[in-house]
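Asks: Below you'll find the structure I mean.
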Amino acid sequence: MKEILNQLFEYKSLDKETAKEILKNLAQGQYNQSQVAAFLTVYLMRSITVEELEGFRDAMLELCVPVEIPEYDAIDLCGTGGDGKNTFNISTLSSFIVAGAGQNVAKHGNNGVSSVSGSSNLMAHFGYEFTNDVDKLKKSLDECGLCFLHAPLFHPAMKNVAPIRRELGVKTFFNMLGPMVNPSFPRKQLVGVFSLELARLYGYLYQKTDKSFVILHALDGYDEISLTGSFKKISNGKEEIVNPYDLGFDAIRQEDIFGGDSVEESAKIFEDILKGNGTEPQKNVVIANAAMAIQCGKGVSTEDALGMARESLESCKALRTFKKIIEL
């Protein structure tokens, strides 16, 4: 690792195979904590390359516990996190709206590292029991149209890294990897990323696959559609800048989508929105994000997708989906 660190400190990059090998060694506990921390922080100070990201991704997928559910044709909605904005759980809420609209979802999630409440913190708060039992996950998809994949159960090799990530408390390249390493290998994916540079990297990598994908980045820094301004949307063969008015929404303020200072506050916002008691900006943000996933999953127009998302939320289909999965 010493040689690798010196190479990186000299602003040299790793090729794909070296990156893959290092991540596998790191996951298997072959480096000490100081070396791992140093390696992680390198990528806070310089950009990750396509080859490095691809190598890290391939290592994670090779080491994961796979979930074979191709027959459900599920989509994943996952943000990288790490945008430092502390919004409420927009992608998790959107997942229930998408499932309520009839598109199966395999939601990959984890505890928050750089935010108060990640999707796993939220689900645990409501009493959801995480599992990697494929039969239980299939039952969840059959009955709710959604299954929740708590990342640590499917990436056991990462247990050596988790404490170091928590102690660092800042985004690392694992935030960048999260949406790419869903253990169910979904063919459809909505990804929110925290920078334009990462949006381009994701676009490049996804174009090399057979996935149907949408990558989102709000130009003012959010890893999702925030409706606080325009956002970049990259999908199969297309890039565009979209503003809230294009979707029929007014622009909102940053404080309108604040996620609270605790898991409890985040959970209350989450439940209020599902029950129809959210504010107009809160509802509009989750409808906008869910619509992009519905469009990706079902191949419908933006207008139709927005209508389906709104109907799922306002008719309480999303709420019923959430209640079902908690009761399973």
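Here is a yes/no grid of residues against (1) surrounded by fewer than 19 Cβ atoms within 10 Å (Cβ to Cβ); (2) in the same structural domain as residue 186 (by TED's automatic domain parsing); (3) in a loop (DSSP other than H, G, I, E, B); (4) not β-branched (Val, Ile, Thr):
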| residue | (1), (2), (3), (4) |
| --- | --- |
| 215 | no, yes, no, no |
| 229 | yes, yes, yes, yes |
| 241 | yes, yes, no, no |
| 276 | yes, yes, yes, yes |
| 282 | no, yes, no, yes |
| 293 | no, yes, no, yes |
| 300 | yes, yes, yes, no |
| 320 | yes, yes, no, yes |
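Asks: I would also like to ask the following. Any chance region 52-68 includes a residue that's over 25 Å from residue 213 (Cβ atoms) and either surrounded by fewer than 15 Cβ atoms within 10 Å (Cβ to Cβ) or modelled with pLDDT of 95 or more (or both)? Give the derivation first.
Replies: We begin by selecting, within region 52-68, every residue over 25 Å from residue 213 (Cβ atoms); these are none.
Scanning region 52-68, I find no residue that is over 25 Å from residue 213 (Cβ atoms) and either surrounded by fewer than 15 Cβ atoms within 10 Å (Cβ to Cβ) or modelled with pLDDT of 95 or more (or both), so the answer is no.
Asks: Additional query: Can you find a residue in region 247-258 that is charged (D, E, K, R) and either touching a residue at least 40 places away in the same chain (Cβ under 8 Å) or part of a loop (DSSP other than H, G, I, E, B) (or both)?
Replies: Filtering region 247-258 down to residues charged (D, E, K, R) leaves 250, 253, 255-256.
From what is left, the residues that are either touching a residue at least 40 places away in the same chain (Cβ under 8 Å) or part of a loop (DSSP other than H, G, I, E, B) (or both) are 250, 253.
Yes - at least one qualifying residue is present in region 247-258.
Asks: Somewhere in region 14-24, is a residue of a type in the set (D, E, K, R), under 30 Å from residue 293 (Cβ atoms) and in contact (Cβ under 8 Å) with a residue 24 or more places away in the chain? Working first, answer last.
Replies: Pass one, region 14-24, residues of a type in the set (D, E, K, R): 15-17, 20-21, 24.
Of the ones still in play, those that are also under 30 Å from residue 293 (Cβ atoms) are 16, 20.
Checking the rest, the ones that are also in contact (Cβ under 8 Å) with a residue 24 or more places away in the chain come to 16, 20.
Yes, region 14-24 contains a residue that is of a type in the set (D, E, K, R), under 30 Å from residue 293 (Cβ atoms) and in contact (Cβ under 8 Å) with a residue 24 or more places away in the chain.
Asks: Could you give me the residue pairs with C-beta distances under 9 Å whose first residue belongs to region 297-317 and is under 24 Å from residue 78 (Cβ atoms) and at pLDDT 95 or above, whose second residue is in a helix (DSSP H, G or I) and basic (Lys, Arg) wherever it lies, and which are 6+ apart or on separate chains?
Replies: So the pair list comes out as 304/298; 305/298; 308/298; 310/283; 311/317; 313/283.
Asks: Only one of (1) free of Cβ contacts under 8 Å to residues at least 60 places away in the same chain; (2) crowded, with 18+ Cβ neighbours inside 10 Å is not met by residue 166, so which one is it?
Replies: (2)
Asks: How many residues does region 88-141 hold that are closer than 16 Å to residue 319 by Cα and among the aliphatic types (A, V, I, L, M)?
Replies: Counting residues in region 88-141 that are closer than 16 Å to residue 319 by Cα and among the aliphatic types (A, V, I, L, M) gives 10.
Asks: Ok, one more. Any residue in region 139-149 that is farther than 22 Å from residue 31 by Cβ, out of contact with any strand residue (DSSP E or B) (no Cβ under 7 Å at 6 or more places or on another chain) and crowded, with 21+ Cβ neighbours inside 10 Å? Don't jump to the end; show me each part of the working.
Replies: The first filter runs over region 139-149 and keeps only residues farther than 22 Å from residue 31 by Cβ, leaving 139-149.
Filter once more, keeping what is out of contact with any strand residue (DSSP E or B) (no Cβ under 7 Å at 6 or more places or on another chain): 139, 142-144.
The next check asks that each one be crowded, with 21+ Cβ neighbours inside 10 Å; those that pass are 144.
Taking every residue of region 139-149 in turn, at least one turns out to be farther than 22 Å from residue 31 by Cβ, out of contact with any strand residue (DSSP E or B) (no Cβ under 7 Å at 6 or more places or on another chain) and crowded, with 21+ Cβ neighbours inside 10 Å.
Asks: Filtering region 86-107 down to residues that are over 21 Å from residue 220 (Cα atoms) and surrounded by fewer than 24 Cβ atoms within 10 Å (Cβ to Cβ), which residue is nearest to the chain's Cα centre (by Cα)?
Replies: So, considering only residues that are over 21 Å from residue 220 (Cα atoms) and surrounded by fewer than 24 Cβ atoms within 10 Å (Cβ to Cβ), the one nearest to the chain's Cα centre (by Cα) is 104.
Asks: All but one of (1) touching a Ser or Thr at 6+ places or on another chain (Cβ under 6 Å); (2) on the phi > 0 side of the Ramachandran plot hold for residue 227; which doesn't?
Replies: All conditions pass for residue 227, except number (1).
Asks: Given the condition of a type in the set (A, V, I, L, M, F, W, C) and farther than 21 Å from residue 164 by Cβ, answer yes or no: does some residue in region 102-114 qualify?
Replies: Within region 102-114, one or more residues are of a type in the set (A, V, I, L, M, F, W, C) and farther than 21 Å from residue 164 by Cβ.
Asks: With in contact with a Leu (Cβ under 6 Å, 6 or more places away or on another chain) and of a type outside the set (Val, Ile, Thr) as the only criterion, which of 235, 230, 226 stands out? I'd like the intermediate steps shown before the answer.
Replies: Numbers: 235 fails: in contact with a Leu (Cβ under 6 Å, 6 or more places away or on another chain); 226 fails: in contact with a Leu (Cβ under 6 Å, 6 or more places away or on another chain).
Every option except 230 fails the conditions.
Asks: Here's another thing I want to ask about it. Can residue 256 be described as in contact with a helix residue (DSSP H, G or I) (Cβ under 7 Å, 6 or more places away or on another chain) and not aliphatic (A, V, I, L, M)? Break it down into steps so the answer makes sense when it comes.
Replies: Details: in contact with a helix residue (DSSP H, G or I) (Cβ under 7 Å, 6 or more places away or on another chain): yes; not aliphatic (A, V, I, L, M): yes.
Criteria met by residue 256.
Asks: Does residue 44 satisfy the condition of being closer than 30 Å to residue 253 by Cβ, part of a helix (DSSP H, G or I) and at pLDDT 95 or above? So that I can check it myself, show each step before the final result.
Replies: Details: closer than 30 Å to residue 253 by Cβ: yes; part of a helix (DSSP H, G or I): yes; at pLDDT 95 or above: no.
When the stated conditions are applied, residue 44 does not pass them.
The values are calculated or read from the model by the stated rules, or taken from the named source; none is laboratory data. None of these values were measured; they are calculated from a predicted model. Don't worry about glycine lacking a Cβ; one is built from the backbone with ideal geometry, like all the others, and counts go over all protein chains shown.
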